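The values are calculated or read from the model by the stated rules, or taken from the named source; none is laboratory data. On a predicted model such as this, the values are computed, not experimentally measured, just so you know. Here the Cβ positions follow ideal geometry from the backbone for every residue, glycine too, while neighbour counts run over all protein chains shown. We work out accessible area using only protein heavy atoms, side chains counted, and drop any ligands, DNA or RNA first. Shrake-Rupley method; radii C 1.70, N 1.55, O 1.52, S 1.80 Å.
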Amino acid sequence: DAVRDECAATGDLKISFFQVEIPRKYRKYFRFFDVDGALYEMNRLPMGLRSSAEIMQLIVETLAGVPSAVKPSAFIEGEKISLCNKRLTTRVWIDGFQSSGSRAECNEAAERIKKVGKWCGVTWKDGVKVEDNYDFIGIR
């Protein structure tokens, strides 16, 4: 149970949906007409669209290293790194994550998540931290 774990690595994406650029070939699926008939096409993931929350959830699960979302390892800038630790309990809520376990495993996870995040070009609200006391989805 995560409540009894020693500590947790936590992070929350800053203005998360606006960090996700929609590839040009998929923008046609994010079009709409306004009441005057003007056509608009989104180039960033729109917050509030039915599928946007699920897309953001998958992105953060990948960044946080949820075992069901990533391969065991990958090469980033020529270095082979482990992408997940199955001994950690990792929870994701749309644009935030919490990975709890031992202090050593949480420190290792935080460094890995920072590296993957930097490589992907994401911006964290307050950085990725290892904490003894933390809030996750409004619960301390």
> Within the accessible area of the chain, what % is carbon and sulfur when the probe is 1.4 Å and the other protein chains stay in place?
Replying inline: 52 percent
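With a Förster radius of 22 Å, plug the Cβ-Cβ distance of residue 118 and residue 68 into 1/(1 + (r/R0)^6) and report the FRET value to the nearest 0.05.
That pair, residue 118 with residue 68, gives E of 0.40.
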> Once the Cβ-Cβ distance between residue 38 and residue 76 is put in as r, and R0 is 41 Å, what FRET efficiency do you end up with, to the nearest 0.05?
Replying inline: 0.45
> Which angle from 0 to 90°, rounded to the nearest 10, does the C-alpha axis of helix 52-64 make with the longest principal axis of the chain?
Replying inline: 30 degrees
> trypsin sites (Lys or Arg not before Pro), restricted to region 6-96: which are DSSP loop and have at most 16 other Cβ atoms within 10 Å?
Replying inline: 14, 50, 86, 87
> Under 16 Å from the Cα of residue 129, which aspartates and glutamates turn up, not counting those fewer than eight places away in the same chain?
Replying inline: 5, 6, 12, 95, 105, 108, 111
>> With θ taken as phi - 60° and the coefficients 6.51, -1.76 and 1.60, list the Karplus ³J(HN,Hα) couplings across region 24-34 in order, rounded to whole Hz; mark glycine and proline as x.
In response: 3, 5, 9, 4, 4, 7, 10, 9, 7, 9, 8
> Cα to Cα, under 28 Å, and not fewer than 8 places away if on the same chain: which lysines meet these conditions relative to residue 28?
Replying inline: 14
> Taking a 18 Å limit on the Cα-Cα distance, which of the listed pairs 71/115; 80/115; 25/71 fall beyond it?
Replying inline: 25/71
> With the dipole of the chain worked out from charges on the C-beta (+1 for Lys and Arg, -1 for Asp and Glu) around the Cα centre, which of 99, 57, 26 lies farthest toward the positive end?
Replying inline: 26
> By how many degrees, 0 to 90 and rounded to 10, does the Cα axis of helix 103-120 deviate from the longest principal axis of the chain?
Replying inline: 30 degrees
